[in-house]
Amino acid sequence: MSEHISSVKVYVGIWAALLCLTVVTAVISFVDLGPFNTIVALVIASFKAVLVVLFFMHVKYAHERMTKVVIVSAFFFLLLLLALSMADYTTRFLS
Amino acid sequence: MSDSPVAVEQHGPELLHHFTGVEQQRDAASLGMWLFLATEIMFFGGMFCAYLVYRYWYFNEFAAGSRSLDIWLGTINTAVLICSSLTVALGVRAAQMGKRTLLVVLLILTLLFGLVFLGIKGVEWYDKFKEHHIPGASFNADDIATGYPQLHINQEHAQIYFSLYFAMTGLHALHMVIGVGLFSVITYFAWKGRYTPNYYTPVENAGLYWHFVDIVWIYLFPLLYLIDRKPLR
């Protein structure tokens with residue numbers, strides 16, 4: 001049950017992936033993908049965030065289930081805030 | 001056959017007596033930090049929600065405002081923050097392994113990356129100040145319509161974009177300043193040799209905070225800088 005110590009190789013690999021994705025998202029923004037520009041940018045950002053949470057913040061190796069419940073519920077309530085708010089504002093033209 | 005009915009386990013001063021062991025103490029500290037980060041997620045969440053609503057209503061001004069930001073400085077700052085996250089992660093690893101000198105070096109590197117980020121952010125804000133893009137009496141966003149020949153820029157709507165830009169990057173920068181303060185204190189104690197493989201909770205938790213602030217920027221960068229960069233027709 002002792003804590004997990006990741007190897008330097010893992011950290012440097014994640015760091016390199018994050019830097020590559022930063023360059024990719026900046027370059028792709030100059031390409032006209034129509035409405036997909038925003039979607040691609042957000043998917044890349046979310047992928048980067050997941051890499052940071054799992055590897056830099058050690059959630060992948062966390063053995064305390066309560067911590068995982070807190071993390072998942074935090075993102076769930078954020079999603080609730082954003083999704084329900086936008087469900088209102090984006091459908092007002094229907095009324 | 002012991003002398004005392006209650007077995008008293010011997011442990012170092014770093015382990016508080018109400019925990020069964022260092023692992024449980026560490027898990028409890030980590031859980032508490034994540035609870036705090038959950039409140040931080042909702043704190044920033046309110047601003048992200050306001051951003052989404054106004055971006056949906058005033059997309060043209062948001063696109064033009066986004067184009068007026070310096071994408072190169074934004075990209076460099078994203079890279080700087082990612083580098084600082086690496087040095088923090090390696091610093092926590094050094095603390096886990098009890099490598100004091102390496103920990104101090106990595107923490108100082110983190111502080112330097114944090115200050116470089118704040119410096120670049122300051123340059124960007126100063127540019128916005130010179131361009132009269134700071135919401136207020138002398139706000140003037142006529143110049144951001146350049147390249148959008150058909151577009152009429154509504155000054156009030158453009159002010160909302162820049163208000164959100166300054167509020168969100170400002171709140172993020174405030175978190176960076178707090179993080180730099182935290183790590184300054186932790187660097188001092190690390191240099192004093194306070195952290196051991198059995199007790200490095202402040203390093204770990206300040207690291208979690210730093211990574212969280214990094215994640216906020218990972219979202220701010222595409223949302224503020226990359227709204228509309230595609231070639232204009």
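Couple of notes before you dig in:
- Screening B:TYR195 on (1) within 14 Å of chain A (Cβ to nearest Cβ); (2) without any contact (Cβ under 8 Å) to a residue 60 or more places away in the chain; (3) of a type in the set (Phe, Trp, Tyr) shows it passes everything except condition (2).
- When the test is whether a residue is surrounded by fewer than 17 Cβ atoms within 10 Å (Cβ to Cβ) and either within 19 Å of B:LEU208 (Cα to Cα) or within 14 Å of chain A (Cβ to nearest Cβ) (or both), B:LYS130 does not pass it.
- Scoring B:PHE43 on the criteria (1) surrounded by 17 or more Cβ atoms within 10 Å (Cβ to Cβ); (2) hydrophobic (A, V, I, L, M, F, W, C); (3) under 22 Å from A:VAL53 (Cβ atoms) leaves a single failure, condition (1).
- Flag if B:GLU61 is more than 20 Å from A:ALA49 (Cβ to Cβ), surrounded by fewer than 20 Cβ atoms within 10 Å (Cβ to Cβ) and charged (D, E, K, R): no
- Taken together, B:ARG100, B:ARG67 contain a single residue that is surrounded by fewer than 22 Cβ atoms within 10 Å (Cβ to Cβ) and modelled with pLDDT under 95, which is B:ARG67.
- Among the residues of the range B:179-225, those identified as within 18 Å of A:HIS4 (Cα to Cα) and over 19 Å from the mean Cα position of the chain (by Cα) are B:TYR195, B:THR196, B:PRO197, B:ASN198, B:TYR199, B:TYR200, B:THR201.
- Just one of the numbered conditions (1) facing chain A (nearest Cβ under 9 Å); (2) in contact (Cβ under 8 Å) with a residue 24 or more places away in the chain; (3) touching a Leu at 6+ places or on another chain (Cβ under 7 Å); (4) farther than 30 Å from B:PRO135 by Cα is not true of B:CYS83: (3).
- Only helices (runs of 4 or more DSSP H) whose full extent lies in the range B:1-101 are considered here, and the ones with at least 2 residues that are closer than 24 Å to A:ALA83 by Cβ are B:22-57, B:59-67.
A quick yes/no check of all residues on (1) within 14 Å of chain A (Cβ to nearest Cβ); (2) surrounded by 14 or more Cβ atoms within 10 Å (Cβ to Cβ); (3) among the β-branched types (Val, Ile, Thr); (4) farther than 24 Å from B:LEU81 by Cβ:
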position: B:ASP142; (1), (2), (3), (4): no, no, no, yes
position: B:GLN150; (1), (2), (3), (4): no, no, no, yes
position: B:HIS157; (1), (2), (3), (4): no, yes, no, yes
position: B:ALA167; (1), (2), (3), (4): no, yes, no, no
position: B:GLY170; (1), (2), (3), (4): no, no, no, no
position: B:ALA206; (1), (2), (3), (4): yes, yes, no, no
position: B:PHE212; (1), (2), (3), (4): yes, yes, no, no
position: B:LEU224; (1), (2), (3), (4): yes, yes, no, no
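The values are calculated or read from the model by the stated rules, or taken from the named source; none is laboratory data. Keep in mind it's a predicted model, so treat the numbers as computed, not measured. All Cβ positions, even for glycine, are placed from backbone atoms using ideal geometry, and neighbour counts span all protein chains on display.
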